[in-house]
Ligand SMILES: *Cc1c(COP(=O)(O)O)cnc(C)c1O
């Protein structure tokens, strides 16, 4: 096999370029469960990088539910949802999700990313426009592009800018439908979208509303998410969530009115053309949602741990940005120092990933900490000691 010379040159040059600028991400395989402490390359590290907010990924009740369903239904669902891959537990999961989100109905997908590929282009097309927060998640951006609608970016959480652009789009008469789309919680900074203001603007200019609450579900609104947190459950058209973060398994969903969900079941392409989520994953998700609907213990523990870590880092003198959720960035600045800081934390026993351009704007590189309900105070104290040592060593604090 010789292969394409053009491709070979393209890859060599671009990989080299990323590496020389400190932008090449190296993947470290985790040897065992992704819990509050992980093993990498034979070493034990305090894990501050997972999205496993509530520790549910390794919870015995989810593991048991997964095993039982796997024994009963098999390892795979066997087909796409619209042929005969819809098992009774897929339907049960969707009913639970609607209850959990306080909506008429819900539809589940294979991932949150997939969900944005599915839902946006099922209703928006080239005759439409989408107002999109400039810091929206990559899957929202790709989902918008796929729809071929005109994408109008507004400045991050800037309501004057959103209002002006909504007014201009509406008054231009160029578009049949206009949507406003936002993350519920912004994953790199941990700030919450200004949903009450967004809804007011949406109602004034007749916008379709779409909130992707991947980082808010299981965290805010007693678990139901950012929309519930603001008491807006009956006013948001699309409530997107993921089953891969706080819920601890894998999958994504849209919760909304019955007509919307019925439409998505016949028009969203990943639902029609990609195999249904495995029975084990579905059963584990149902178990997780049951747990959240019956107790706020894990959510309270998550917030307590988040506040503890934030206070600790702030007292040490780190710049932790403006987070309003357990997401705790530690902003370093330039890309190379950020990578170095993360590497030194790793060597000292803390796994906190560097997040740099293009995931965040250039010059705002950060180490992002994701405390979970499963961390103990001892683990957090140990992490803070390591932060202090490395921060002083590098002259950051
Ligand atoms: C993480 C994330 C997703 C992707 O969810 P997965 O279930 O991991 O595919 C989608 N949207 C937002 C806003 C996210 O933060």
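The values are calculated or read from the model by the stated rules, or taken from the named source; none is laboratory data. Everything numeric here is computed off the predicted structure, so don't read it as measured data. Note that we place each Cβ from the backbone using ideal geometry, even for glycine, and neighbour counts take in every protein chain shown.
Consider residue 297 against the criteria (1) at pLDDT 95 or above; (2) surrounded by fewer than 16 Cβ atoms within 10 Å (Cβ to Cβ); (3) over 22 Å from residue 246 (Cβ atoms): it satisfies all of them except one. Which criterion is unmet?
(3)
Is it the case that some residue within segment 91-105 is within 11 Å of the ligand (Cβ to nearest atom), within 30 Å of residue 170 (Cβ to Cβ) and modelled with pLDDT of 95 or more?
No, every residue in segment 91-105 fails to be within 11 Å of the ligand (Cβ to nearest atom), within 30 Å of residue 170 (Cβ to Cβ) and modelled with pLDDT of 95 or more.
So if I check each of 275, 226, which one is surrounded by fewer than 20 Cβ atoms within 10 Å (Cβ to Cβ), touching a residue at least 24 places away in the same chain (Cβ under 8 Å) and within 16 Å of the ligand (Cβ to nearest atom)?
Just one listed residue meets the conditions, 275.
Tell me the residue from 282, 219 that is within 27 Å of residue 35 (Cβ to Cβ), under 20 Å from the mean Cα position of the chain (by Cα) and either at pLDDT below 95 or in a loop (DSSP other than H, G, I, E, B) (or both), please.
Answer to the check: 219.
Among (1) surrounded by 17 or more Cβ atoms within 10 Å (Cβ to Cβ); (2) farther than 26 Å from residue 302 by Cα, there is one condition residue 206 misses while meeting the rest; what is its number?
All conditions pass for residue 206, except number (1).
Which residue pairs have Cβ atoms closer than 9 Å, lie 6 or more positions apart in sequence or on different chains, and pair a first residue in segment 129-143 that is closer than 16 Å to residue 163 by Cβ and assigned to a loop (DSSP other than H, G, I, E, B) with a second residue that is away from the ligand (no atom under 12 Å from the Cβ) and at pLDDT 95 or above?
134/153; 134/154; 134/155; 134/156; 134/158
From the list 390, 367, exactly one residue is buried (at least 22 other Cβ atoms within 10 Å of the Cβ), free of Cβ contacts under 8 Å to residues at least 40 places away in the same chain, outside any loop (DSSP other than H, G, I, E, B) and in the same structural domain as residue 315 (by the TED database). Which is it?
Numbers: 390 fails: free of Cβ contacts under 8 Å to residues at least 40 places away in the same chain.
Being buried (at least 22 other Cβ atoms within 10 Å of the Cβ), free of Cβ contacts under 8 Å to residues at least 40 places away in the same chain, outside any loop (DSSP other than H, G, I, E, B) and in the same structural domain as residue 315 (by the TED database) holds for just one of 390, 367, which is 367.
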